[in-house]
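Colleague: One structure follows; several queries about it will come next.
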Amino acid sequence: MKQPHKTINRYSKWQYIVIIFTLVILGLNALPNWFGEKAALHIQSNSNDAVMLSSTTIFNQLSERGIGVELIEQKRNQNIVLLEDESQQQNARDILDSLLGDDYSVAMAMESASPSWLKKVGAKPVKLGLDLRGGVQFVMAVDTDAAIAEREVKIKEDLSQLLREYKARGARIGTLQDGSTVLRYPARVDQQIIEVMAELTTLYPELSQTKNSAREIIISTNDQFAQTYHQELMRQNITTMRDRIEALGITEAVVQRQGNNFIRIELPGVQDPSQARRIIGATASLDFHQLQAQGGSLYKSNSGEMVRLNNSPILSGTHITDARSQFGEMGLPEVFITLDSAGGKLMSDFTKDNIGKPMATLYSEYQQNEQGELEKNSKVISVATIQAHLGSRFTISGMESVQATQDLAMLLKSGSLTAPVTIVEERTLGPSLGEQNINNGMAAIMLGLSMMLVFMALWYRKLGLIANVALILNVVCLLGLLSLVPGAVLTLPGIAGFVLTIGMAIDTNVLIFERIKEELKRGKSTALAIHHGYKNALSTIMDANITSLIIALILFSVGYGPIKGFAITLGFGILSSMFTGIYVSRALVNTFITKLPELKK
């Protein structure tokens with residue numbers, strides 16, 4: 001009895017559909033890269049009361065000042081201004097900022113120059129890194145030790161306050177050589193000390209207590225908490241940095257951790273780093289204190305007088321949810337503060353019982369001294385008499401200038417850094433150098449691609465032409481992947497990964513075609529040679545590409561900056577070369593190389 005015939009070198013319809021669908025999707029996402037990007041400004045109202053700006057008003061204001069505007073679009077309560085010249089982007093933003101004031105925010109961005117139909121499907125060009133677009137890079141050291149030391153000082157202050165509240169007279173707070181806090185007390189206050197330590201442990205659960213003698217308690221922080229607190233400080237600082245950069249109006253910045261104590265910040269398109277340096281490097285905090293006649297601490301005010309403040313603040317800047325710069329009734333600059341519910345209650349409880357008494361606003365920041373060490377400098381920026389019962393909204397005045405008021409509002413709105421930072425590296429890359437890097441990278445890609453196309457066409461003839469088509473589709477798929485995946489950024493090392501991917505993609509086809517030639521030498525038909533060539537080469541190709549993919553994943557997980565950019569391109573390149581080199585080329589061979597006969601099993 002005859003067995004049923006089996007067809008080889010044929011994909012099923014659903015396989016062809018999947019291949020075509022994938023190529024179309026990735027091709028659409030790669031297409032915007034052909035049209036490139038335009039420098040743009042995003043204008044958005046900061047309040048519900050602000051009206052939408054007309055395109056004519058924006059166009060006239062910029063044109064009168066020599067700024068070339070190509071197009072103005074309105075999307076979702078936002079005006080998007082496309083500029084003719086990227087070098088005018090910063091100047092145009094400064095002009096609109098000064099004209100529109102605090103009611104509107106103006107952010108710098110890059111918008112696709114693709115046709116409207118391509119934008120409607122959500123296709124965007126690949127994001128370019130700092131070395132290709134130009135901009136500013138900062139590497140900042142985070143001094144978590146200073147934050148931990150300040151926390152220990154706060155613990156001692158709270159302990160001292162508790163001793164007074166529970167009337168533990170005779171108790172003394174000291175410091176041991178290893179930095180631990182020691183509490184010594186007389187026998188008559190044993191019960192009060194038990195209550196004080198219970199309250200302190202409630203406030204700071206990470207503290208451990210060791211009774212060194214009958215009347216001595218050693219208070220220390222366990223090592224596990226110190227490590228956890230360090231990680232938390234780094235996370236909070238990174239979050240604050242991102243909020244501050246967003247407040248600066250930079251939408252494509254990269255903020256990531258580098259090593260154990262460093263933060264790397266890349267600001268593509270920013271050519272004047274002065275404002276960015278002033279804002280992201282500031283470690284500012286705001287506290288509200290009660291004035292007192294004796295005790296406490298002395299601080300200098302803006303007028304040069306010394307002011308004595310209670311060590312325990314009424315509330316700290318962590319309760320601030322919003323801060324805006326404005327002009328008061330007398331025409332002087334001031335900051336309008338909005339507190340959260342907890343902060344509003346603290347302010348309400350204090351001012352209700354202290355109407356007619358003064359309250360000071362203490363501004364603190366870390367600065368480097370001549371020895372390069374960080375020092376905390378605090379000054380009183382405002383002393384005002386409480387005129388009424390305050391709640392979650394009030395103003396502070398007495399700032400030195402309008403710029404100082406605006407900077408303080410921005411810092412408070414984006415949050416205070418939980419640990420002081422120092423800029424240890426700053427690098428500015430001009431847009432012309434970034435453009436030169438793009439041109440050099442594209443020249444390397446085109447040269448490598450051309451050499452591969454010529455070699456494959458001459459060496460493998462018909463099969464070589466199939467490989468060339470697969471190679472071009474591989475480039476398209478890789479561009480589509482980089483454009484489609486959120487967070488993927490093309491850097492100069494990424495272009496090197498692009499060139500490497502071209503060589504690896506050709507290597508896949510070379511392995512397959514050499515196996516086909518071996519099968520032909522053994523006297524097999526063309527159909528069988530193609531079938532066994534692809535089948536026998538598959539395991540070798542998978543082994544080589546999977547090991548390379550593991551390396552790319554390791555580089556991505558432990559690397560940063562250029563290394564991460566190289567790893568992203570290499571990893572996506574491996575996936576796209578496997579897809580086009582194995583499946584797309586096989587589909588093309590099945591369709592164009594031979595008429596496949598039916599073989600008896």
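Colleague: Within the range 296-318, track down each residue that is at pLDDT 75 or above and either outside any strand (DSSP E or B) or loosely packed, with under 15 Cβ neighbours inside 10 Å (or both).
Modeller: Across the range 296-318, the qualifying residues are GLY296, SER297, LEU298, LYS300, GLY304, GLU305, MET306, ASN310, ASN311, SER312, PRO313, ILE314.
Colleague: Could you tell me whether the range 190-206 includes any residue that is in a strand (DSSP E or B) and at pLDDT 80 or above?
Modeller: So far as the range 190-206 goes, no, none of its residues is in a strand (DSSP E or B) and at pLDDT 80 or above.
Colleague: State yes or no: is VAL510 over 28 Å from the mean Cα position of the chain (by Cα), at pLDDT 85 or above and more than 16 Å from GLY573 (Cα to Cα)?
Modeller: So VAL510 does not fit the description; no.
Colleague: What tally of residues in the range 139-167 results from selecting those that are in contact with a helix residue (DSSP H, G or I) (Cβ under 7 Å, 6 or more places away or on another chain) and either more than 25 Å from GLN236 (Cβ to Cβ) or in a strand (DSSP E or B) (or both)?
Modeller: Total satisfying the criteria: 5.
Colleague: Another one. Do you know which residues across the range 74-85 are within 16 Å of SER45 (Cβ to Cβ) and assigned to a strand (DSSP E or B)?
Modeller: GLN74, LYS75, GLN78, ASN79, ILE80, VAL81
Colleague: Looking at (1) surrounded by 22 or more Cβ atoms within 10 Å (Cβ to Cβ); (2) more than 22 Å from ALA123 (Cα to Cα); (3) among the hydrophobic types (A, V, I, L, M, F, W, C), can you tell me which one LEU482 breaks?
Modeller: Of (1) surrounded by 22 or more Cβ atoms within 10 Å (Cβ to Cβ); (2) more than 22 Å from ALA123 (Cα to Cα); (3) among the hydrophobic types (A, V, I, L, M, F, W, C), only one is false for LEU482: (2).
Colleague: Enumerate the pairs (first residue in the range 123-136 and surrounded by fewer than 23 Cβ atoms within 10 Å (Cβ to Cβ); second residue anywhere and acidic (Asp, Glu) and not in a strand (DSSP E or B)) with beta-carbon separation below 7 Å, excluding pairs fewer than 6 apart on the same chain, so at least 6 apart or on different chains.
Modeller: Listed by first residue and then by second, the contacts come to LYS127/GLU252.
Colleague: Can I ask one more? When the range 107-122 is examined, which residues are found to be surrounded by fewer than 20 Cβ atoms within 10 Å (Cβ to Cβ) and either at pLDDT below 75 or not polar (S, T, N, Q) (or both)?
Modeller: Hits for the range 107-122 are ALA107, ALA109, ALA113, PRO115, TRP117, LEU118, LYS119, LYS120, VAL121, GLY122.
Colleague: Would you say GLY170 is part of a loop (DSSP other than H, G, I, E, B), surrounded by fewer than 17 Cβ atoms within 10 Å (Cβ to Cβ), modelled with pLDDT of 80 or more and not assigned by TED's automatic domain parsing to the domain that holds ALA419?
Modeller: So GLY170 fits the description; yes.
Colleague: Looking at the range 524-581, which of its residues are within 24 Å of PHE513 (Cα to Cα), surrounded by fewer than 15 Cβ atoms within 10 Å (Cβ to Cβ) and free of Cβ contacts under 8 Å to residues at least 40 places away in the same chain?
Modeller: Selection gives LYS535, SER539, THR540, MET542, ASP543, ILE546, THR547.
The values are calculated or read from the model by the stated rules, or taken from the named source; none is laboratory data. These figures come from a predicted structure and were not determined experimentally. Ideal geometry is used to build each Cβ from the backbone, glycine not excepted, and the neighbour counts take in all protein chains shown.
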